[in-house]
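For reference, the structure discussed in these notes is given below.
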Amino acid sequence: MSRADGVTTHTLRLELDDEPGELAAALEPIAEHGGNLLSVFHERGSRTPGG
């Protein structure tokens, strides 16, 4: 979604293994390209269709 100020926002949903460093590795490409996270929602222990 683009706003009048030129900012584009996206929603990203990730399913990661519960291992140290998984989140950092997944977000590294976003940081490298100057991306900014507005919020993080964490739901632990729930099964999703992806497993």
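So the values come out like this:
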{"read-out": "Meets criteria (acidic (Asp, Glu), in a loop (DSSP other than H, G, I, E, B), loosely packed, with under 10 Cβ neighbours inside 10 Å and modelled with pLDDT under 85) for ASP17", "value": "no"}
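Per-residue answers, yes or no, for (1) part of a loop (DSSP other than H, G, I, E, B); (2) open to solvent by less than 70 Å² (accessible area, probe 1.4 Å); (3) modelled with pLDDT of 85 or more; (4) acidic (Asp, Glu):
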| position | (1), (2), (3), (4) |
| --- | --- |
| ALA4 | yes, no, no, no |
| HIS10 | yes, no, yes, no |
| ARG13 | yes, no, yes, no |
| ALA26 | no, yes, yes, no |
| PRO29 | no, yes, yes, no |
| GLY35 | yes, yes, yes, no |
| LEU38 | yes, no, yes, no |
| PHE41 | yes, no, yes, no |
| THR48 | yes, yes, no, no |
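The values are calculated or read from the model by the stated rules, or taken from the named source; none is laboratory data. Bear in mind that the values here come from a model prediction, so they are computed numbers and not experimental data. For neighbour counting, all protein chains shown are included, and Cβ atoms are generated from backbone atoms with ideal geometry for every residue, glycine included. Quick note on the areas: whole protein, heavy atoms, side chains included, nothing else; ligands and nucleic acids left out. Shrake-Rupley method; radii C 1.70, N 1.55, O 1.52, S 1.80 Å.
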